[in-house]
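Here the structure is laid out as structure tokens; the discussion comes afterwards.
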Amino acid sequence: MGNLMLGRIVRIDLPDDVLAHVHAVVIAKLRVREPVIVGWIAEDGHHDEVMVNPTMPILVQYDSDEEPHLDRRWMNRLMMAANAVRGLQLTPDLVEALRAIDGETTDAAESAVGPS
């Protein structure tokens, strides 16, 4: 499990594969000088949010040394969220939705090949 540190106020722990995608989306927004809202469920159970802007230092630390693979479908889903009014809401539901995208592809491939 890696983490995303935004400025001096926020540390968000995320699985490395999700972290890589969130990092790429945040950087894409900041490159065009667009701030992005990032929300998460804090350890105390409260919902927290921060407006990430181009002047904020960002540190990303991965748990693994392996180069993360970026999935275009995950990127599209996260970019749509980042462009929405609520921004990137890094909740367990989001992680499940991203993982379901992989499941849809696997299910489609299995049904095309047929049962083994």
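Readers should treat all values here as calculations from the given coordinates under stated rules, not as data from a laboratory. Predicted model only: the values in this text are computed from it and were never measured. Cβ: placed from backbone, ideal geometry, glycine included. Neighbour counts: every protein chain shown.
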Can you list which of the trypsin sites (Lys or Arg not before Pro) found in the stretch 1-72 are DSSP loop residues with at most 12 other C-beta atoms within 10 Å?
Arg8, Arg33
At a threshold of 8 angstrom on Cα-Cα distance, excluding pairs fewer than six apart, so keeping six or more, what relative contact order does the stretch 2-113 reach in percent?
30
Extending each Cα 7 Å along its Cβ direction at Ala97 and His46, get the distance between those two points in nm, one decimal.
2.5
Ala84 paired with Asp63, simple spin-label distance in nm, labels 7 Å along Cα-to-beta-carbon
2.6
Determine the relative contact order of the stretch 21-84: mean sequence separation of Cα pairs under 8 Å and six or more apart, normalised by residue count, in whole percent.
39
Which residues' amide hydrogens lie under 5 Å from the amide hydrogen of Leu14, considering only partners 5 or more residues apart or on another chain, with H built in the peptide plane?
Gly2, Asn3, Leu4
Those GluC sites (Glu not before Pro) in the stretch 34-68 that DSSP places in a loop and that have at most 13 other beta carbons within 10 Å
Glu43, Glu66
